[in-house]
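The values are calculated or read from the model by the stated rules, or taken from the named source; none is laboratory data. Just so it is clear, the structure is predicted and the values come from calculations on it, not from any experiment. Positions of Cβ are generated from backbone atoms using ideal geometry, with glycine treated the same way; all protein chains shown enter the neighbour counts. In case anyone asks, the SASA skips ligands and DNA or RNA and just uses the protein heavy atoms, side chains included. Shrake-Rupley method; radii C 1.70, N 1.55, O 1.52, S 1.80 Å.
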Amino acid sequence: MIERPRDVYVVDAVRTPFGRYGGALAGIRPDDLAAGALRALLDRSPDLDPGRIDDVLLGNANGAGEENRDVARMAALLAGLPVTVPGATVNRLCGSGMEAVVQATRAIALGDASIAVAGGVESMSRAPWVLPKPERAFPATDQQLYSTTLGWRMVNPRMPAEWTIPLGESAELVGAKYAVTREAQDAFALASHRNAARAWREGRYAEEVVPVEGVGLPRDEGIRDDTSLEALARLRPAFIEDGTITAGNASPLNDGAAALLLADEEGLAATGREPLARVRAAAVTGIEPQYFGLGPVDAIRKVLGKASVAPDELHTIELNEAYAAQALACLVALPELDPEVVNPRGGAIAIGHPLGASGARITGAVAHQLAAAGSGTGLAALCIGVGQAVALVLER
């Protein structure tokens, strides 16, 4: 037993560029994508003996395709880690990558580990179709295939119908609840693209993004430097007639991976590195599934309370942009947050949202932003399908 939780440090954080659905990374298996991120992460800490790593935890929201055999373990082996280093895959849907960070942090804080790798991976391009087994053998009728790319499938009929509506329709409910207009959503989306494009031009991702071997993808594939309010306004509603959510103000389908190196004081010394940041607190919460996009509201309030951090003490905030409607609704519901420090280097609408990787991406983004600033406190939070949210506070 330990007398008090150990401090947990983010030693380093990397991610791949995020690819479009069917784009530059579509030919890369998810286990290979994750392995590349792990290898790049460890290559940046040459003083660390990989055998010292106590566990590898990766988030993944699908698990139905090439990542089905515990992608964390597969990626660790493919990355060349010693066979003695274990791996586990966790699933909290869109929050899986951050959930992996939270679980690794908890293990280190309690003394069950000293050094761990946490992150996430998703290839939405390679997500398979699945065919359920029939209720009776030898059916003579046609059978239905389900896409595992995104959202509900094979829904339990006992679930209330309002809980299982498509994610886009849920986001429309959230936007309507807080009177978020189409114009506001398009402006938010435009800012996401402009901030991301500017961050790349200024080299702000140089310390964070690592290349994918064999793929010539120099930056996130979904960023549109040339988009405009006029172009966004011409897009038709994607989910309901006369709706406000379009392909332009929602996050796309993506492929990508991210990984963080976490350690306590002893593990930090073994890496020979100065940490990017320290983990201060984490929180998970639940909400009615049809309002999943509002989940970060309670999670943010909970984690700030646990960390004893006032909203005006936050130097940077990464709020995952599943939809502009839900991100803006969260900011309306949390007027104490400063929107000027939210997603300063662009968000998921521009960068992309490969489900299992996004939580690790935004955690790493906060850590790198705090390191670049030299000091400060940052917040990362995501909404999660089926009505959950996860949030984390870092400090330097």
Contour minus Cα-Cα span, Ala372 to Leu145, at 0.36 nm per residue, comes to 77.0 nm
With the 8 Å Cα cutoff and a minimum separation of six or more residues, the chain has a relative contact order in percent of 28 percent
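Set the Förster radius R0 to 41 Å, insert the Cβ-Cβ distance between Val155 and Ala247 as r into 1/(1 + (r/R0)^6), and round the FRET efficiency to 0.05.
Details: r = 25 Å, r/R0 = 0.60.
Between Val155 and Ala247 the formula returns 0.95.
Under DSSP H, which helices of the chain have Cα atoms covering 24 Å or more of the helix axis and a Kyte-Doolittle average no less than -0.5? Before the final figure, lay out each step's value.
Working: long enough: 182-201 (29 Å, -0.89); 355-373 (28 Å, 0.79).
Both cut-offs are met by 355-373.
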Among Ala269, Val90, Ile240, the residue whose Cα sits farthest towards the positive end of the charge dipole of the chain, when +1 is placed on the Cβ of each Lys and Arg and -1 on the Cβ of each Asp and Glu, is Ile240
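Restricting the count to DSSP beta bridges whose residues both fall in the range 271-396, what percent are antiparallel, rounded to a multiple of 5?
Working: 16 of 21 bridges.
Close to 75 percent.
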Largest fluctuation, Arg273, Arg136, Arg69 only, Gaussian network model of the chain with Cα springs under 10 angstrom, belongs to Arg136
Regression test value, accessible area per residue of the chain, probe 1.4 Å, units Å², expected 43 Å²
Once both label points are put 7 Å beyond Cα along the C-beta direction, the Arg69-Val332 separation in nm becomes 4.9 nm
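In deg cm²/dmol, rounded to 500, what helix-only [θ] at 222 nm does the chain give when every DSSP H run of at least 4 residues adds -39500 (n - 2.57) and the total is split over its residues? Let's see the in-between values first.
Working: 11 runs with 125 residues, N = 396.
My calculation for the chain gives -9500 deg cm²/dmol from helical runs alone.
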Of the range 147-188, those with amide N under 17 Å from the point 7 Å along the Cα→Cβ vector of Ile240 are 161-183, 185
So the FRET efficiency between Asp43 and Glu202, C-beta based with R0 = 25 Å and rounded to 0.05, is 0.50
Taking 38-49, 304-315, 19-30 and ranking on average Cβ neighbours within 10 Å, highest first, one gets 19-30, 38-49, 304-315
Expressed as a percent, the accessible surface of the range 42-189 that is carbon or sulfur, using a 1.4 Å probe and the full set of protein chains, is 54 percent
Heavy-atom accessible area of the range 248-396 with neighbours in place, 1.4 angstrom probe: carbon+sulfur share in percent works out to 50 percent
Residue separation between Glu265 and Glu135 times 0.36 nm, minus their alpha-carbon distance, gives in nm 41.3 nm
